Structures are given as structure tokens and as C-alpha cells.
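Heads up: the structure comes next, in C-alpha cells.
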Amino acid sequence: MPFASFTLENSDLWKGNFLKHATARDIESGLMSGEVMVRAQNLTKKYDDFVAVNSISFEVFKGECCGFLGPNGAGKTTTVKMIHCVLPPASGELTVAGMSVWEEPREIKKMTGVAPQEDNLDPDFSVIVNLLVYARYFDIPKSEAQKRSEELLKFIQLEEKRDVIIGQLSTGMKRRLILARALINEPRILLLDEPTTGLDPQARHLIWDKIRALKRQGVTIILTTHYMDEAAALCDRTLIMDYGKIIEEGRPADLIKKHVGEDVLEVDYDDEVMKELQEEFPGAELEVLTDRIRVFTDQPHGVFERFLKDFPMRGATIRNANLEDVFMKLTGRKLRE
Amino acid sequence: MKRSSQITSRFALPKLTYRVWKVWMRNWTVFMKTYKVNFFPPLLEPIFYLVALGFGLGSLVQNIQGLPYINFIAPALIAISMMNSSFFECTYGSFVRMYYQKTFDAIIATPVNIEEVIAGELVWGATRSLISSSIVLGVVAAFGLVSSPLFILIPVVAFFAGLMFSAIAMCFTAIAPNIDFFNYPAFLLITPMFLLSGTFFPLADLPGFMQIIAKAFLPLTHAVSLVRGLIVGNLESSLLISLVWIAAVTPFFFILSINLMKRKLIK
């Protein structure tokens, strides 16, 4: 019975091989016992005078999906690249599965799958050959590589594009293939750098499904994104980065509750209305964006409904507070880059 | 102090394992996919040269060092194909893979490290030299221009001379801000070598100081003299100098180019 939730998708790869690494109990015990997969202490990266990552410390636990959020240039990609040993840190400690990125980069890379932000699929090859050639870099024997590649194509639903050259794939298909390529070595840690940027909703949801499936298999996932709905949908825990620092961390739901409360009231801007709101909600935060007022409060659910019943207002809507509200509150509205 | 540590870092011994071979295999797989395009031009080009320069121009030229003109230039064509194939593979070819295709980025996310990627590219460049020059050698033989069984050693020369040209090329790739930059080495290094390395006329016909420059600084000079010696069967002591020259210059640029590329790619 404990395996019931793991037999998923139409591929037996996920029933078989990944479970060698982790079972339901492993994942639970990993999370509960706090078994650490990635640990960074005072991790810093500098480019000449620019500090891309500024002395950050964090832990990623076995079996969790941990999201790095932040505006462009916050240091997310740099952090990910240091974890998979492509960029050497300037200072600080960084270990993956207990191994130092300085001492054992090859061992770390063997157990890590990487889906980079940019498309670096090999345009000289077809879809299947991309996977086969990539498998060679991991010393995967040919017959095993063949088997895994076919299974992965099934997993990402690209079987009918098997022999198509990379240039003829859509952006969404390329992203899926990059995900498949990251899985060719059956990684225990998966690093996904903005896995759905630029995708249409269909392709996004397909990728999300696959990420969830992998998480259920016990793969530790580190994800960077600046889509808040993506982080809320996938991540057990999020770290919000800005200007090379981690400025907040926690479960998405907790962060929302802590920073922006449960509900948000939005109404059309008007001086009168503003005054009225300030009187009615003295402890609340009022934010004006273009011609709308947003009211954040730490008062419990239902307070806005009661208020609107007595004072109907133009264009008023009540919605759930979300991670984007937290993000904007913490990182501000200033455009980056 | 800082300067000396900079110099030692340029010549640090790269950490290489059998994984160099995986990178070589990647390029070989691409090459074999389009082998018709890859084999045809190197087959035709020497035929044009032999006909135009050998028969055409050669009818107006007296024997050189006791050789008919076509026999004199045939070994040079083999050596030139070593230079061109490996040099352009590791400039334009490597630059496209590095910058436009991001192939190196993809590979270094695996257990293969950056040193092995560059070494694999260099050995691949040497392989291109071996393949191209062997095709030209076949054409030269078909024209009946091979007179010594020592020609059998030419592929060995092709590999090591190719490795040398690849390593020099990779140094340019490491400092190239963009792909147009390669016009500089192509016109300022490859073209003079093509013309002035004892290829189409003997080095002895150059002014004295230019002979010295050609022998001291132009790698093609040494490739040409080795190939000519092996085809004609004329083993002079000067061939030993060429051999030593290549044996010294190749590891120098091999190590330098790997370190320069590492510095460029791993910030």
C-alpha cells in the first residue's frame, strides 16, 4: 500500500528505477528527520566587483521541492550553478549529499540532473540522439541508454518526435526534452532553472505534472522561478532571494499568512474611498497601484465581506492573498535589470 | 607575485581522464551523420590545385630541387589540408559549439569537466587533420606523385601537426570576443603560412630574414618539410628539427589553450 501513490504515469521507469533510490518511507523520514541534501553556509559568488550571491546559508532536505524565488538578477541561477559544480564559489561552504563541491564535483554531477534556463540541446542531433549522446557523458551503457531514452520520451510525451531534429521542435517540446535529458542519469537531485519560462499554459501544466511525479518518486527538487503560481503549486518550501541575499524563507502558505494575511480587498482608487478605508482598517496596509487600492490585513477571513455589505464600493473584489503579493511586498515594485 | 601566479595558472596541467574520448565521440557522431559533405570537398580541392598549379603553372616552371613542379607542391597540399581542417575546426567550429549551440555548457553539467571538453575538441581537430590530409594523400597518390613508401607515416604527422594547429586555433577561440574576430588569424596567420612556408616555392628563395621567420615562427613550414621528406623519401637532418619543433610547440599550446578556455568559460 505505501507504494500505491508512486505507481504513476504510463512509464515503468518511475515504478522501477527511481524507487531504488527512495521509497515513501525514505521521503517521509528524510523530511521528518531533516536529512540534508544540500547545505550552504555563507556561500558567496563575486564577479569582479559585483556580488551575485552574498553570503547565503540554506539547507535543502531530501525529498522536498525547494523553490528559489526572486527577480531577475537576484542570484538564483548563480546559486544553482554552484550547486551543480559548474561555477566555483568565491567563498563559503557548499555540500551536496555530504560531498563538498570543491572535493568531489564529479560524484555530485553523477547524481544530479540539470535542466538549465537556456536551450542547450544539441542542434546537430535528433531528439533521441540528444538523449543517447548525453547518456554517454554519464558512462551509461548503450543498451541501458537506449532503454532509458525511449522510456523518457514516453514520459514527456515526445515519442512521435523521436527522430525529429531539434530545430523543428516548439519551445514547449524543447523544455520537455531538456527535462528528459536531465533525468537520463536517474538523478537523486534535480535542478530546474526556470523550467516553464516562455511556455503556454498547456505546456506549463504538463511540465508541472511531470515535476510532481518526480517528487513523488523521492527526487529532491530545487526549482528557480519567478512565477509565483508555479512556486505555490510545486514547492514545499520557498526561499525568496533579492540582490544576492535570501530575504525570507518558509512554506508558501505560511509566508502568505505572515506577510499579507488571508484576504486582499481591491477597489478602484478614489480619495474619499482611501480615507474611508484608512479609518475602517487602521492596522491594515494600503497599497495603491495605478488606479486600484489593495488592502492587506492580518484580520481573519470574512472581515472584508462584512465591510462591503455595509459600504458597497465601486469595482470592489475580494480575493485570496497569494505568493505574488508576498513577493511584491518583499522585493518591491522597482523594475530589475 | 601576482604576475607569476597568473603565468603558472596559464600552464597548470589539465585534469584529464578517459572522458576526453566522450567529447571526441560527440563530434565524430555529428561528422558521420553528414559524412558525404565532409568527404567531398577535401577530395575535389586538391584536384583543382594539382591541375591548375601543377599542370598549368608547372608547365612554365623549371624543376625545383630536382622535382617537377607538380611533385614539389603535392606534399604542400597535404600539409595545407592538415592546417586548414584543424585550424578552422577549432576556431569557427569550436566557437559555434561553445557560443551559439551552448554545447560545452550542456556537457559540463555532466561528470565531464571543462578541461576534458577542450581536450576532446583538440583531439577532434587533430582527427579532422588526419581525415582531410589522408583524402588529399589519396588524390596525390592517384596522380602518381608519391615516390617513397615512407608516405605511410604521413597520417602520424597529420595527427600531431593537426593537434598543434588545433591548439593554436583554440587559443584564438579563447580570446575571440565574437566570431568575426577569426578574420584576423585567418588572414594574418593562415594566409601567410599558406603562401610562405615552402609550399609553392622553396624557402631558400625568400629573403634571408624571412627564411628565419618562416622557420622559427610558422608551424606550417615544419609540417610541409616533414610531409615532403616522407613523400619523396628524402630524410634530411633538418626533418629532425621540424619534428622537435612540433613536439615542443604542441604541448605548449595544448596546455595554454585549455587553461585560457577554462578561464573564459568558468568565471
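The values are calculated or read from the model by the stated rules, or taken from the named source; none is laboratory data. Fair warning: this is a prediction, and the values are worked out from it, not measured in the lab. Using ideal geometry, Cβ is built from the backbone for each residue, glycine included, and neighbour counts are taken over all protein chains shown.
Of the residues in region B:207-233, how many are closer than 21 Å to B:I78 by Cβ, free of Cβ contacts under 8 Å to residues at least 40 places away in the same chain and not in a helix (DSSP H, G or I)?
1
Answer yes or no: is there a residue in region A:119-127 that is modelled with pLDDT under 95 and more than 7 Å from chain B (Cβ to nearest Cβ).
yes
Restricting attention to region A:304-323, does a residue exist that is touching a helix residue (DSSP H, G or I) at 6+ places or on another chain (Cβ under 8 Å), assigned to a strand (DSSP E or B), modelled with pLDDT of 85 or more and not polar (S, T, N, Q)?
Yes, because at least one residue in region A:304-323 is touching a helix residue (DSSP H, G or I) at 6+ places or on another chain (Cβ under 8 Å), assigned to a strand (DSSP E or B), modelled with pLDDT of 85 or more and not polar (S, T, N, Q).
Which of the residues belonging to region A:127-162 are surrounded by 19 or more Cβ atoms within 10 Å (Cβ to Cβ) and hydroxyl-bearing (S, T, Y)?
A:Y134, A:Y137, A:S149
Residues of region A:235-248 being buried (at least 18 other Cβ atoms within 10 Å of the Cβ) and on the phi < 0 side of the Ramachandran plot, which ones?
Just the residues of region A:235-248 that are buried (at least 18 other Cβ atoms within 10 Å of the Cβ), to begin with: A:235, A:237-242, A:244, A:246, A:248.
Residues satisfying the conditions are A:C235, A:R237, A:T238, A:L239, A:I240, A:M241, A:D242, A:I246, A:E248.
If you take the residues in region B:232-245 that are hydrophobic (A, V, I, L, M, F, W, C) and crowded, with 18+ Cβ neighbours inside 10 Å, which one is modelled with the highest pLDDT? Spell out the reasoning first.
Kept after step one, since they are hydrophobic (A, V, I, L, M, F, W, C), are these residues of region B:232-245: B:232, B:235, B:239-241, B:243-245.
Among the residues that remain, those that are also crowded, with 18+ Cβ neighbours inside 10 Å are: B:232, B:245.
Working: B:V232: 94, B:W245: 97.
Step by step, filter region B:232-245, then rank; the result is B:W245.
Does region A:299-313 contain at least one residue that is surrounded by fewer than 13 Cβ atoms within 10 Å (Cβ to Cβ) and on the phi > 0 side of the Ramachandran plot?
Scanning region A:299-313 turns up at least one residue that is surrounded by fewer than 13 Cβ atoms within 10 Å (Cβ to Cβ) and on the phi > 0 side of the Ramachandran plot.
Restricting the search to region B:8-37, which residues are touching a helix residue (DSSP H, G or I) at 6+ places or on another chain (Cβ under 6 Å), surrounded by fewer than 18 Cβ atoms within 10 Å (Cβ to Cβ), within 13 Å of chain A (Cβ to nearest Cβ) and of a type outside the set (A, V, I, L, M, F, W, C)?
Scanning region B:8-37 gives a single hit, B:K15.
Six or more apart or on different chains, Cβ under 7 Å: which pairs go from a residue in region A:100-114 that's more than 8 Å from every other protein chain (Cβ to nearest Cβ) to one that's assigned to a helix (DSSP H, G or I) and surrounded by 16 or more Cβ atoms within 10 Å (Cβ to Cβ)? Could you list them?
A:V101/A:M82; A:V101/A:I108; A:G113/A:A182
Within region B:92-113, restricting attention to residues that are within 14 Å of B:M170 (Cα to Cα) and of a type in the set (G, A, S), which residue is nearest to the other protein chains (Cβ to nearest Cβ)?
B:G93
Scan region A:185-194 for residues that are within 8 Å of A:G113 (Cα to Cα) and either of a type in the set (A, V, I, L, M, F, W, C) or crowded, with 24+ Cβ neighbours inside 10 Å (or both) and jot them down. Break it down stepwise before answering.
Our first condition is that a residue be within 8 Å of A:G113 (Cα to Cα); within region A:185-194, this holds for A:185-191.
Correct list: A:I189, A:L190, A:L191.
Here is a check on your reading of the model: is A:Y243 in contact with a Lys or Arg (Cβ under 9 Å, 6 or more places away or on another chain) and of a type in the set (F, W, Y)?
For A:Y243, the condition - in contact with a Lys or Arg (Cβ under 9 Å, 6 or more places away or on another chain) and of a type in the set (F, W, Y) - is not met.
Within 24 Å of B:A119 (Cα to Cα), surrounded by 12 or more Cβ atoms within 10 Å (Cβ to Cβ) and either modelled with pLDDT of 90 or more or of a type outside the set (V, I, T) (or both), is that true of B:N71?
Working: within 24 Å of B:A119 (Cα to Cα): no; surrounded by 12 or more Cβ atoms within 10 Å (Cβ to Cβ): yes; either modelled with pLDDT of 90 or more or of a type outside the set (V, I, T) (or both): yes.
No.
Residues B:L203, B:L153: which one is of a type in the set (A, V, I, L, M, F, W, C) and more than 19 Å from the chain's Cα centre (by Cα)? Write out each step before concluding.
Numbers: B:L153 fails: more than 19 Å from the chain's Cα centre (by Cα).
Checking each option against the conditions leaves just B:L203.
Considering each residue of region A:282-298, count those that are free of Cβ contacts under 8 Å to residues at least 24 places away in the same chain, surrounded by 14 or more Cβ atoms within 10 Å (Cβ to Cβ) and assigned to a loop (DSSP other than H, G, I, E, B), and give that number.
1
If I ask for residues that are more than 14 Å from chain B (Cβ to nearest Cβ) and within 11 Å of A:V38 (Cβ to Cβ), which ones from region A:75-92 would you list?
Within region A:75-92, just A:T79 meets the criteria.
Each row is one residue, and each column tells you yes or no for (1) within 24 Å of the chain's Cα centre (by Cα); (2) within 12 Å of chain B (Cβ to nearest Cβ); (3) among the acidic types (D, E).
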| residue | (1), (2), (3) |
| --- | --- |
| A:P116 | yes, yes, no |
| A:L132 | no, yes, no |
| A:Q146 | no, no, no |
| A:L152 | yes, no, no |
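Somewhere in region B:36-52, is a residue free of Cβ contacts under 8 Å to residues at least 60 places away in the same chain and farther than 30 Å from B:T221 by Cα?
Yes - at least one qualifying residue is present in region B:36-52.
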